[in-house]
Structures are given as C-alpha cells and as structure tokens.
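Undergrad: Shown below is the structure under consideration.
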There are 2 protein chains.
Amino acid sequence: MMKVLIVEDDPLHRSYLHEAVNAALPECDTVIEAENGTVGEKLARDHKSAHIVMDLQMANRNGIEAARTIWKERPETRILFWSNYSDEAYVRGVSRIVPDGAAYGYVLKSASDERLKLALRSIFIESQCVIDREVRGLQQKSLGQTNGFTDSEYEILVDIALGLTDRAIAKRRGLSLRSVQNRLQQLYDKLDVYQSAGDDHEDGRFNLRARAVTVAFLRKLLNYSALERAEAELQEWLEGK
Amino acid sequence: MMKVLIVEDDPLHRSYLHEAVNAALPECDTVIEAENGTVGEKLARDHKSAHIVMDLQMANRNGIEAARTIWKERPETRILFWSNYSDEAYVRGVSRIVPDGAAYGYVLKSASDERLKLALRSIFIESQCVIDREVRGLQQKSLGQTNGFTDSEYEILVDIALGLTDRAIAKRRGLSLRSVQNRLQQLYDKLDVYQSAGDDHEDGRFNLRARAVTVAFLRKLLNYSALERAEAELQEWLEGK
DNA sequence: CGCCGTCTTGCGTAAACCCGCAGCTTGTTG
DNA sequence: CAACAAGCTGCGGGTTTACGCAAGACGGCG
C-alpha cells in the first residue's frame, strides 16, 4: 500500500507520469496530483506524503522551493525530480536542499520510459538515489574542483547578478571591499570574460561585471529560477536590515 | 489536401499536436514532425511546407530562429506558435520577424483543446491571425506607449545585458557616449531601479546597470532565448569589425 | 619550527559609470 | 513662422570598478 504525489505543471506530463507510476509500482494504490508547487506543499502536508514526483520548473512556485519546505517538515520524504533541463543552476539548487541521507532522484524528461520506471522503483522501494548520468556529470564538476566553481565564487556570482554593489556585497557577506573585488577577479578569470573582452582591439571592450553575468546565463550556471530564489533571499535579508 | 509540419521538442506534446491537427483539420492528409528547429527548417524546405505548428522553446535551435529562416525563404508560410510562456521577450521576438501581411498565430500550451483547434482552422484555412488574449496584452503594451518600452530602450537593455560598455554601445549603435548614457537613465527610470535602490539607507545600494538587467529578467522582458539571439548577433557584428 | 600556498585587507590609480547643466538639431503643432 | 517637445551632444565632477602592490593571517607539511 503506497501513495504517490505528483506535482507537475503540464497536464500532459502529469497524466503521463500518472500512467508511469501505475505501471511501475503495482503496490501503489493511490496517486494524487498537484498542478503547482503551492498545492503540492499543501497536499504533501495533508496526506503526509512519503513519495513524491516533482517537476522543477513550474509557474506558481517552483519545485525547489516546494521540495525545501516539504523536506523541512519531513526529511525522510522521497522525492524524484523530473525536469526538462540539466542546468547547473538547478543541479546546484537541488543539492543544496537535500537533507543528509535522504533518498532522492533526478531524471530528465527526455529519458526513456524504462529509465523513468526504473528510477521510480529504485527510489520509492529501494531508497536508492538515482541521478541521471548527464546531471551527475554537472554535480561532480560543481562539487569537485575540476573547472567548477567554488561555493564562494558562486555566491559572489549571484550577488552581482542581483545587481549589488561591491560595498553591499561586502556588508552582506561580512568581507572587506577589497576581498569582494578579489573574488570578482577570480570569477572573471574562470568565466573567460577577459578573452572575449580583450580580444586585441581596444575597441569592443566589455563591462566585466555585466558580462560575467551574461556568460553565466549562457552557460546555464544561472537561470530564471535561480535568480528568483536569490532575489527572494535578498529581499529577506534587506528587511532584517 | 493539406500538409502540416509540426516542430516540437517534447514527444508528448508532439503527439498531442498530431492528434489535434487530425481532429481539427480533416482536409489535412499528411502530418510530418520535427524534433527541433534545425530539422524543422530542413523539412520545411524539402516539403515546401505552407502550414507549420512551431514550439518556441527548443534546445537545439529555437522556434524564433527557425521561423525566421523559413519566412525568409517563403514569407507566405503560415505558422502557429505554440508556447509554454508568454514572456515579453518571446512576444517581442516573434513580432519582430513576422513578414508583412503574413498569417500567424500565438497560442499558449495552457489553452484548451477547443482553443487550439479553433486557432488551427482560423490560421491554416481562413488565413487569420490568432493571438492568445494574454499574449495580445503584452503585444499591445510593448508596441503602444503605455508603460511599455520603446524599441530604442529595449535595444539598450539588450546591450547592457550582453555586457557591453557604454563606449562599445555607442559605436555599435552609432551614437555619442552621452546619448547612450541618456538612454540608460530612461531605462533605469522605467525599470524602477531607483526606488528599490535608494530605499532610504545609504547602505544597500544597487549597481544600476546590473540591477536593471536583473529586474528585466525577473519581469520577463528578457529570457534565455532572447539573450542567446542577442549574443549571436553581437558576435556577428564583432566579426564585421 | 620555518617554509609555502591560499585568503584577506589596505592603499593608490586609471578607467568606467551616473548624471546635472546647457547648447543644438529635429519634427510637430497652432 | 513661432513655439514647444524630444532627442542628441559636449563638459564637468562625484562615485564606483578593476586591479597591481604589499603586508599580515591561517593552515598544512617536511
């Protein structure tokens, strides 16, 4: 006897998931559906859901936010994230909120039926983590040191993306002005902002700060949902003076 | 006897569209499918497609690019855009490329079956433009003057989003440095960057330039695909010296 | 312990940015 | 034509960035 909650924007995908769950998990007797993050949180609470399939990109309240509050209330909940994209921003966002030892999964929508069903069984029955190969690559890169970004670098990237001044960042992160600028330089380095900037003409130079943000976007280190979350955190911080 | 080409990333949506076309257009005898923009362009060329349903957001080559090259070759092609979002960035992108007098449509994926089928008939049979109400609102706002952005303002927004310096923008757009800065000020005004910046403490000031880009993103004036296109144009321009 | 690499901080400078002020060129309107 | 709004431009100056240089601080490691 098992109950599964599906949180997914798109009706088509929702019914597809419903079918997939039925097919992969005969021991599951009830499937409930939510069409956005807010409703998802509520249903999870009401039903004390232990097994959730969650879309990441939703209009009303995105999957990461929803998962965070759900996990905060019941950390042993098993959540399978099912997403269109494997942006580093999402991967980073997810790994930041998963509780210690929790079973979760990350499967791309482009995966085959088989893969999805296998993931459903592995996570919900066997309590194993299942992370799509493609996503796994990013995860390694972002956590390891190879070519990836440190947390502090990522932090400052977000800060300039939000449009904070050096001084404001310094205050927020408890650093001196110069340290902030140091980190910025590291960031510029890693993002190859110079190469594209300098080229060799004095002509077409870039504004490093703005360019860094753009490059990060184009490389999917940042995306809309990451910005949205960061902006919310910023507002929160601003009110706490 | 009619032939319809479907260009859509997601297999689920693709088959849904296929069914919808069959149901709405009995006079249509062949439906062909493409799973990304590149293939879509090729099939459109090979089949001399006159009726196309096109997704906007696709990984390989997005709908706007594809539509542009298709329309360049055969401007009387009828295209129905079918998109998840109604970001101003998309709306602006589409209206920029639609040829004079061409019949096209813009329907959101959240629309009902009925609406989709109606749109299919209106555009492909009656040669009428059908634009989703929600999208229409944006279009009006962006073309009209009410609260919307001038083309020149939008242009400069894109330029700073790309990370160009004032000087570079001036060169690119054939303006003086000061004029560029004037436009920036207008932009800052319209985006309300000051209000959120000034607040009243000297404390948490924003870097106006970076903040403007963020606000634009959060308001969906910009999105990934718009950035991508703009970046491509920029590179092109850089090479033409 | 001394050596070394990484991180932080202050100082100083050149460049870029933000913007008020004022003169000019337009297109529009009575 | 006069008048007026809207946009372009140069000038000047206050602020913010970007970054080299150099002096500590901290943590391994032989």
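Undergrad: Give the residue that is farthest from DNA strand C (Cβ to nearest atom), with candidates limited to residues of region B:153-182 that are open to solvent by less than 20 Å² (accessible area, probe 1.4 Å) and more than 10 Å from every other protein chain (Cβ to nearest Cβ).
TA: Result: B:154.
Undergrad: Follow-up question, since we're still on this one. Would you kindly identify the strands (runs of 3 or more DSSP E) lying entirely within region A:5-105 that contain at least 1 residues that are among the charged types (D, E, K, R) and under 16 Å from the mean Cα position of the chain (by Cα)?
TA: Result: A:51-55.
Undergrad: Output the qualifying pairs, or none if there are none: Cβ atoms under 6 angstrom, residues six or more apart or on different chains, first residue in region B:143-168 and at pLDDT 85 or above, second residue part of a strand (DSSP E or B).
TA: Listed pairs, sorted by first residue: B:163/A:206.
Undergrad: Could I ask something else about it? Tell me whether region B:200-208 contains one or more residues that are modelled with pLDDT under 95, over 22 Å from residue A:166 (Cα atoms) and more than 9 Å from chain A (Cβ to nearest Cβ).
TA: no
Undergrad: Also: Can you spot a residue in region A:61-83 that is surrounded by fewer than 18 Cβ atoms within 10 Å (Cβ to Cβ), aliphatic (A, V, I, L, M) and in the same structural domain as residue A:127 (by TED's automatic domain parsing)?
TA: no
Undergrad: Let me ask something else. Among the residues of region B:169-181, which ones are more than 10 Å from DNA strand D (Cβ to nearest atom) and over 23 Å from residue A:162 (Cα atoms)?
TA: B:171, B:172
The values are calculated or read from the model by the stated rules, or taken from the named source; none is laboratory data. Everything numeric here is computed off the predicted structure, so don't read it as measured data. Positions of Cβ are generated from backbone atoms using ideal geometry, with glycine treated the same way; all protein chains shown enter the neighbour counts. These area figures cover heavy atoms from the full protein model, side chains too; ligands, DNA and RNA do not enter into them. Shrake-Rupley method; radii C 1.70, N 1.55, O 1.52, S 1.80 Å.
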